[in-house]
């Protein structure tokens, strides 16, 4: 059994996998919390996995903490995924492959395998990322934008009389309160960006990619999209599982 771990800027998603099959999944928020204590709570009593495979965009500190915890608890060293030139049928477009985020790399690989053709992987996390892969598995490139929460935080931090919405409001084009206006406006902005970018990707390449959307804000954005999109909450973890099978 393998433990797959996707460490984002604010949360951790994990799964126990047998081969490429995810058997148990979980999630916890690490931002502002003690990672080791959260790991203890999430994985207490778990039998030592054969491997721990990780994508991490949250920095070296959290990686070191995970390594120390796994070494103490399971006497194992996590393996950190890095983007390469080519893996699992997908070729990286970046001139310096390792500069591509490991989570984006895993997500586009899983999306391409799932689509069986041209695909745009959209990850709606702290950052909003889009990556296009053609039917032959060639990554054509992608974009990075602020995510919904990051947009909300920027408004709050830089505007004296605006504050982050405390409650989730339905996204509406005509809000009648400040919190609803912020929440709806940021989600509409993100969804409109996805629609425009996917449309321009298709026009610029002649491809008609399937869109697969993942990440913490995916369910908040999906109803606002005009392009057809399939939601897969475990896309990055599935990509890690595919990459694990390459080793």
Using the structure shown, decide if residue 42 is touching a strand residue (DSSP E or B) at 6+ places or on another chain (Cβ under 6 Å) and either surrounded by fewer than 12 Cβ atoms within 10 Å (Cβ to Cβ) or assigned by TED's automatic domain parsing to the domain that holds residue 109 (or both). no
Contacts under 8 angstrom Cβ, first residue in region 52-71 being over 19 Å from residue 13 (Cβ atoms), partner surrounded by fewer than 21 Cβ atoms within 10 Å (Cβ to Cβ) and modelled with pLDDT of 95 or more, 6 or more apart: 71/77
Complete set of residues in region 25-45 that are under 22 Å from the mean Cα position of the chain (by Cα) and modelled with pLDDT of 85 or more: 25, 26, 27, 28, 29, 38, 39, 42, 43
Taking only region 193-218 into account, find how many residues are under 17 Å from residue 146 (Cα atoms) and either without any contact (Cβ under 8 Å) to a residue 40 or more places away in the chain or surrounded by fewer than 19 Cβ atoms within 10 Å (Cβ to Cβ) (or both). 3
Odd one out for residue 41 among (1) assigned to a strand (DSSP E or B); (2) without any contact (Cβ under 8 Å) to a residue 40 or more places away in the chain: (1)
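Considering each of 181, 157, 191 in turn, give the residue that is modelled with pLDDT of 95 or more and assigned to a helix (DSSP H, G or I).
So the residue among 181, 157, 191 that is modelled with pLDDT of 95 or more and assigned to a helix (DSSP H, G or I) is 191.
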Step by step: first the residues of region 49-67, then only those that are outside any strand (DSSP E or B) and surrounded by 13 or more Cβ atoms within 10 Å (Cβ to Cβ), then the one that is farthest from the chain's Cα centre (by Cα). Which residue is that? 49
Based on what the data block shows, is residue 110 surrounded by fewer than 19 Cβ atoms within 10 Å (Cβ to Cβ) and at pLDDT 90 or above? no
Hits in region 131-147 (condition: surrounded by fewer than 24 Cβ atoms within 10 Å (Cβ to Cβ) and either in a strand (DSSP E or B) or within 17 Å of the chain's Cα centre (by Cα) (or both)): 138, 140, 141, 142, 143, 144, 145, 146
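Against the condition more than 30 Å from residue 152 (Cβ to Cβ) and in contact with a helix residue (DSSP H, G or I) (Cβ under 7 Å, 6 or more places away or on another chain), how does residue 57 come out, does it pass? Walk me through it before giving the result.
Values: more than 30 Å from residue 152 (Cβ to Cβ): no; in contact with a helix residue (DSSP H, G or I) (Cβ under 7 Å, 6 or more places away or on another chain): yes.
No; evaluated as a whole, the condition is false for this residue.
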Can you find, within region 1-39, the residue that is surrounded by the most Cβ atoms within 10 Å (Cβ to Cβ) among those that are out of contact with any strand residue (DSSP E or B) (no Cβ under 6 Å at 6 or more places or on another chain) and either closer than 15 Å to residue 242 by Cα or not assigned by TED's automatic domain parsing to the domain that holds residue 74 (or both)? 20
Looking at region 223-233, is at least one residue out of contact with any helix residue (DSSP H, G or I) (no Cβ under 8 Å at 6 or more places or on another chain), assigned to a helix (DSSP H, G or I), surrounded by 15 or more Cβ atoms within 10 Å (Cβ to Cβ) and in the same structural domain as residue 171 (by TED's automatic domain parsing)? no
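Residues that are closer than 30 Å to residue 134 by Cβ and surrounded by 14 or more Cβ atoms within 10 Å (Cβ to Cβ): does region 68-79 have at least one? Talk me through it step by step, then tell me what you get.
To start, the set of residues in region 68-79 that are closer than 30 Å to residue 134 by Cβ comprises 79.
After this cut, where a residue has to be surrounded by 14 or more Cβ atoms within 10 Å (Cβ to Cβ) as well, the list is 79.
Among the residues of region 68-79, at least one is closer than 30 Å to residue 134 by Cβ and surrounded by 14 or more Cβ atoms within 10 Å (Cβ to Cβ), which makes the answer yes.
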Here the qualifying pairs (Cβ atoms under 7 Å; residues six or more apart or on different chains; first in region 87-107 and farther than 14 Å from residue 141 by Cβ; second modelled with pLDDT of 95 or more and in a loop (DSSP other than H, G, I, E, B)) come out as 89/137; 98/82; 98/83; 102/81; 102/82; 102/83; 106/81
Residues of region 13-24 satisfying the condition of being assigned to a strand (DSSP E or B) and either without any contact (Cβ under 8 Å) to a residue 12 or more places away in the chain or under 21 Å from the mean Cα position of the chain (by Cα) (or both): 13, 14, 15, 16, 17, 21, 22, 23, 24
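The values are calculated or read from the model by the stated rules, or taken from the named source; none is laboratory data. None of these values were measured; they are calculated from a predicted model. Because the Cβ atoms are built from the backbone with ideal geometry, glycine has one as well, and the counts that use them run over all protein chains shown.
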